[in-house]
């Protein structure tokens with residue numbers, strides 16, 4: 001075991017004491033030195049750029065116009081002539097129902113018309129014969145009246161038979177399903193052999209999108225934001241299928257039919273979107289930004305600079321001077337202000353603000369005549385006092 005003499009131990013203790021005193025003196029000296037402004041203050045730079053206030057929403061892409069094609073007759077699907085995603089023209093045959101029953105009904109109606117025509121011919125002949133006999137006074141006029149009534153009944157029966165024939169022919173024609181408009185088949189709900197019943201309502205067989213080069217977004221906007229939305233406002237949106245691509249649109253309509261779901265009121269906003277590149281598909285979810293206001297190449301500052309308030313009384317010494325220069329209606333201690341760092345000194349600068357996008361705010365003008373002149377691009381603004389943060393103080397107010 002290593003042992004030291006009393007004299008050696010005394011020298012070691014003295015050296016340790018001197019080192020401790022020197023360290024304490026150095027720390028005291030450093031603390032007494034004025035802090036480096038670049039190290040104490042966290043700053044941002046005033047810049048000239050675009051600022052836009054937007055309303056965020058989500059919506060679903062849909063064709064601008066789509067038509068549901070149904071059938072007015074019941075029957076079994078015999079043939080299909082189109083499928084998903086196929087373009088069709090107005091009048092083009094999409095499907096055919098089994099025609100046997102419809103053709104049989106037409107033949108039966110035709111036979112009914114022929115029978116009614118024969119009865120009418122007989123009634124007309126009887127009427128003419130009785131009219132001649134009445135003129136010769138061989139029969140009573142009452143028999144002529146009876147013949148006239150039989151002719152009118154036969155005429156009515158013929159009209160009914162013709163209507164039944166027209167109905168049967170219409171059903172036969174409706175058994176062939178045709179496209180009502182030009183477009184693309186986006187949905188097919190039937191298959192060959194399927195029985196379609198149209199007794200109570202018209203079943204939907206196909207859905208045709210009229211023009212996929214023009215789409216629309218149905219976005220839900222909250223009641224808190226709907227006041228900023230107007231017709232024809234520009235819209236920017238993205239879809240998950242093309243995350244690196246931004247699409248543009250325009251507000252087409254604000255539908256005045258609110259939805260209330262669990263106490264949350266939203267309005268349906270219809271947004272027109274160009275789709276000539278065919279990148280947007282029906283049903284895609286769109287993340288929408290409706291640009292309510294936009295300013296280009298204006299002075300803007302980070303919102304943290306507007307929230308900053310110094311914690312040391314000395315940092316607000318020039319506030320009264322700035323307030324006096326600003327005048328009675330724009331006092332520096334009443335309106336918004338930022339704090340400019342120049343040559344190690346922090347000076348408050350009263351400003352008038354414009355629109356904000358949540359991160360940056362437009363600076364419309366500098367209020368009054370603050371020390372250092374009006375705010376300009378390149379100025380450094382304080383957003384945090386690092387010394388106050390280290391001391392446990394709060395330097396940014398929210």
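We did not get these values from a lab; they are worked out from the coordinates using the rules stated. Worth saying up front: this structure is predicted, and the values here are computed from it rather than measured. In this analysis, Cβ positions are derived from the backbone assuming ideal geometry, glycine residues included, and neighbour counts consider all displayed protein chains.
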Exercise for the section: Give the distance, in whole Å, between the Cα centre of the stretch 165-220 and the Cα centre of the stretch 99-150. Expected result: 43 Å
Exercise for the section: Would you mind computing, in nm to one decimal, how far apart the modelled labels at residue 307 and residue 49 are, each placed 7 Å from Cα along Cα→Cβ? Expected result: 1.8 nm
Fill in the blank from the handout: Rg/Rh over Cα atoms for the stretch 14-159, Kirkwood Rh, comes to 1.86
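How big, on average over all directions, is the shadow cast by the Cα convex hull of the stretch 153-274, in nm²?
Details: hull surface 58.3 nm².
Directional mean of the projected Cα hull area for the stretch 153-274 stands at 14.6 nm².
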Problem - Per-selection metrics, the stretch 219-273 (Cα): Rg and Dmax in Å - result: 12.6, 36
Fill in the blank from the handout: From the Cα centre of the stretch 243-284 to that of the stretch 40-97, the distance in Å is 10 Å
Handout entry: Whole-angstrom Cα spans of the stretch 100-174 along principal axes, big to small
Key = 55, 13, 11
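Let's test the formula: R0 of 45 Å, r as the Cβ-Cβ distance of residue 104 and residue 65. What FRET efficiency results, to the nearest 0.05?
So, using R0 = 45 Å, E works out to roughly 0.70.
Going from the alpha-carbon gyration tensor of the stretch 138-203, what semi-axes, largest first and in whole Å, does one get by taking the root of 5 times each eigenvalue? Mind showing how you got there, number by number?
On the way: eigenvalues 494, 30, 15 Å².
They are 50, 12, 9 Å, listed largest first.
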Handout entry: Contact order relative to length of the stretch 100-174, as percent, for alpha carbon pairs under 8 angstrom and 6 or more apart
Key = 53 percent
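Estimate the FRET efficiency between residue 260 and residue 238 by the formula 1/(1 + (r/R0)^6), using the beta-carbon distance for r and 41 Å for R0, to the nearest 0.05. All intermediate terms of the calculation are to be shown ahead of the outcome.
Details: r = 28 Å, r/R0 = 0.69.
Efficiency at R0 = 41 Å is approximately 0.90.
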